[in-house]
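> Got a structure for you, written out below as structure tokens; questions coming shortly.
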Amino acid sequence: MLTIKENIPLSDFTTLRLGGPARFFAEIENKNDLEKALQFAKGEKMNWFILSGGSNLLVSDQGFDGLVIKINNRETAVRGTKIIVGAGLLLSEVVLLAKENNLSGLEWAAGIPGTVGGAIFGNAGAYGGSISDSVEKVEILDFSKEKFFWKNCSLNDCQFAYRASVFKQKKKWIIFSAVFSLTSGRIEEINGKMKKIIQERFKKLPQKLSAGSFFKNPTVENPEILAEFEKDQGMKIRDGKIPAGWLIDQLDLRGKKIGGAMVSNEHANFIINTGGAKAEEVIILASLIKQKVRNHFGVQLEEEVQFLGF
Ligand SMILES: Cc1cc2nc3c(=O)[nH]c(=O)nc-3n(C[C@H](O)[C@H](O)[C@H](O)COP(=O)(O)OP(=O)(O)OC[C@H]3O[C@@H](n4cnc5c(N)ncnc54)[C@H](O)[C@@H]3O)c2cc1C
């Protein structure tokens, strides 16, 4: 049965552990509950927002004056080389499910927090892989006309690109479940790849409160910056994309602090909550980073993190 709660602190549901409350909050496990929650928001003429793992989200200090719907449908099925999962399943659980069934293709995702729905929304990726490599279709609820229209999106319909998808544009489409198409593999090899990736991540990424990479890696056209990066890193750029963290690093911003928000000392593209940070402080720090990168390199950084309540 659907329960709609009131005044729920969203800091408990985000990995940055900050932000104000949701006026209304509902967790949904099935289609019926999702429809009821949307019906409630429609009846009250209020805005609604889909929250999943909260690992790519910055919530304002004022919170959200509407209904936050947390997606918790977690069903799973394995059919041959296909895995069918609810959008609320953790990405890490899908990675394990694939491994246990000798299915390869999702090893790159080992260690990424958040859910299937969130990963599809932002086309999550790491270590040369991305969710778009394995998605066969996505089941969604289209509520753009304030009516319940359930449909399947093919891989093509999803319009995946670097940290982008059709779901980022269609604000009223809710990802409910997905089918992943994987390949048969050997559990030892799959496990080996996953272990290596987790070790790498552990070495490179801060184990602190964050929302992951704050900015997307920008495409840089200036040949001087590209050459400087290639010289510094001893590697060739293939797609013109330079890690945002490298640009931020050149400006010596690691450790820069505004209140409780700080540029991580381990990874310059991570803004961390050192304890008691306000969303406003994160925003001021992010603006400062953007301004410095723009002034120095002429490059406009764009946030990868999503915003709620601003
Ligand atoms: C330590 C750390 C490391 C990270 N490393 C990586 C990495 O290597 N690669 C990477 O790509 N990301 C990384 N991230 C970011 C984050 O984990 C991913 O973006 C993740 O896929 C977000 O999923 P989520 O369920 O937490 O989404 P949320 O943060 O809950 O939501 C993010 C956005 O997706 C929308 N959304 C979520 N679920 C749905 C749904 N079912 N239907 C419609 N819209 C939905 C929300 O409305 C919101 O706009 C990292 C984050 C952290 C904290």
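Derivation of every value follows stated rules applied to the coordinates shown; laboratory data play no part. Quick caveat: nothing in here was measured; it's all calculated off a predicted structure. All Cβ positions, glycine included, derive from the backbone under ideal geometry; neighbour counts span all protein chains shown.
> Which FRET efficiency value, to the nearest 0.05, do you get for residue 302 and residue 39 by plugging their Cβ-Cβ distance into 1/(1 + (r/R0)^6) with R0 = 51 Å?
My answer for the efficiency is 0.90.
> Sticking with this one: If the reach is capped at under 16 angstrom between alpha carbons, list the lysines near residue 208, excluding any in the same chain fewer than eight residues apart.
In chain and number order, the partners are 256, 257, 278.
> What do you get when you divide the Cα radius of gyration of the stretch 93-209 by 2.2 N^0.38 Å, with N the number of residues?
Output field value: 1.15.
> Right, something else. Write down the radius of gyration of the stretch 207-308 and its Dmax, each obtained from C-alpha positions, in Å.
13.6, 41
> Residues with amide H under 5 Å of residue 48's amide H, sequence separation 5 or more or different chain, H placed in the peptide plane at 1.01 Å from N; which?
Long-range HN contacts for residue 48: 67.
> Sticking with this structure for a sec: How large is the helix-only mean residue ellipticity at 222 nm for the chain, computed as the sum of -39500 (n - 2.57) over DSSP H runs with n ≥ 4, divided by its residue count, in deg cm²/dmol to the nearest 500?
Roughly -9000 deg cm²/dmol at 222 nm, from the helical runs in the chain.
> Would you please name the GluC sites (Glu not before Pro) within the stretch 115-203 that are DSSP coil residues with at most 14 other C-beta atoms within 10 Å of their C-beta?
Sites meeting the loop and neighbour criteria: 146.
> Now a separate question. Once amide H atoms are built 1.01 Å from N in the peptide plane, which residues 5 or more positions from residue 177, or in another chain, come under 5 Å H to H?
87, 139
> For the chain, give the share of DSSP beta bridges that are antiparallel, in percent and rounded to the nearest 5; count only bridges with both residues there.
Approximately 75 percent, going by the DSSP bridge assignments.
> Also: Let me know the charge dipole size of the stretch 4-71 about its Cα centre in debye, to the nearest 20, where only the beta-carbon of Lys, Arg (+1) and Asp, Glu (-1) is charged.
100
> Expected output is a single nm value to one decimal: the length gained when fully extending between residue 136 and residue 6, i.e. 0.36 nm times separation in residues minus the C-alpha distance. What is it?
That pair, residue 136 and residue 6, stretches by 43.1 nm at full extension.
> Related question: By average Cβ neighbour count within 10 Å, what is the ranking of 225-238, 122-135 from highest down?
Peptide ranking by packing, descending: 122-135, 225-238.
> Same structure, new question: What is the pair-distance distribution P(r) of the chain, computed from all Cα-Cα distances in 20 Å bins starting at 0, with each bin given as a whole percent?
Bin by bin from 0 Å, the calculated values are 31, 58, 11.
> Counting alpha carbon pairs within less than 8 Å and at least 6 residues apart, what relative contact order, in whole percent, applies to the chain?
Relative contact order here is 17 percent.
> Full-extension gain between residue 127 and residue 169, please, as 0.36 nm times their residue separation minus the C-alpha to C-alpha distance.
12.6 nm
> Further, regarding this structure: Work out the length of the dipole vector of the chain about its Cα centre, built from +1 on the beta-carbon of each Lys and Arg and -1 on the beta-carbon of each Asp and Glu, and round it to the nearest 20 debye.
140
> Right, here's the next one. Please list 3J(HN,Hα) in residue order for the stretch 204-211, calculated via the Karplus relation 6.51 cos²θ - 1.76 cosθ + 1.60 where θ = phi - 60°; whole Hz, with x for glycine and proline.
With coefficients 6.51, -1.76 and 1.60, one gets 8, 9, x, 8, 10, 6, 7, 10 Hz.
> Would you be so kind as to identify which of 245, 262, 296 lies farthest towards the positive end of the dipole of the stretch 207-308, taking Lys and Arg as +1 and Asp and Glu as -1 on Cβ and the Cα centre as origin?
Towards the positive end, the residue furthest out is 262.
> Right, here's the next one. What's the center-to-center distance, using Cα atoms, between the stretch 294-310 and the stretch 13-59 in Å?
Distance between centres, Cα-based: 25 Å.
> Got a sec to turn the phi values of the stretch 144-153 into Karplus ³J(HN,Hα) couplings, 6.51 cos²θ - 1.76 cosθ + 1.60 with θ = phi - 60°, whole Hz, x for Gly and Pro?
Going residue by residue, I get 5, 9, 6, 10, 8, 10, 8, 7, 9, 9 Hz, with x marking Gly and Pro.
> OK, next. For residue 232 and residue 76, FRET efficiency with R0 = 41 Å and r from the beta-carbon atoms, rounded to 0.05?
Approximately 0.40, to the nearest 0.05.
> Using 0.36 nm times the number of residues separating residue 222 and residue 29, minus their current alpha carbon distance, what extension gain do you get?
The residue 222-residue 29 span can extend by a further 64.6 nm.
> Residue farthest toward the positive end of the dipole of the chain, with Cβ of Lys/Arg at +1 and Asp/Glu at -1: which of 154, 10, 95?
154
> Using alpha carbon coordinates only, what is the Rg to Rh ratio of the stretch 4-71, with Rh defined as the Kirkwood radius?
On the Cα set of the stretch 4-71, Rg over Rh gives 0.96.
> Among 182, 234, 30, whose Cα lies farthest out toward the positive end of the dipole of the chain, if unit charges sit on the beta carbon of Lys, Arg (+1) and Asp, Glu (-1)?
Of the listed residues, the answer is 30.
> If eta is 1.002 mPa s and T is 20 °C, what Stokes-Einstein diffusion coefficient results for the stretch 29-115, Kirkwood Rh from Cα pairs, in µm²/s?
In µm²/s, the coefficient is 144.
> Here's something else I'd like to know. Within the stretch 31-139, how many Lys pairs sit with Cα atoms under 17 Å apart, leaving out pairs fewer than 8 places apart on the same chain?
Taking the Cα cut-off of 17 Å, the pair count is 7.
> Residues with amide H under 5 Å of residue 58's amide H, sequence separation 5 or more or different chain, H placed in the peptide plane at 1.01 Å from N; which?
306, 307, 308
> Spelling out what I want: for every residue of the stretch 38-51, take phi, set θ = phi - 60°, compute 6.51 cos²θ - 1.76 cosθ + 1.60 (Karplus), and round to whole Hz; glycine and proline get x.
Once θ is set to phi - 60°, the couplings for the stretch 38-51 become 5, 4, 4, 4, 5, x, 8, 6, 10, 6, 9, 8, 8, 10 Hz.
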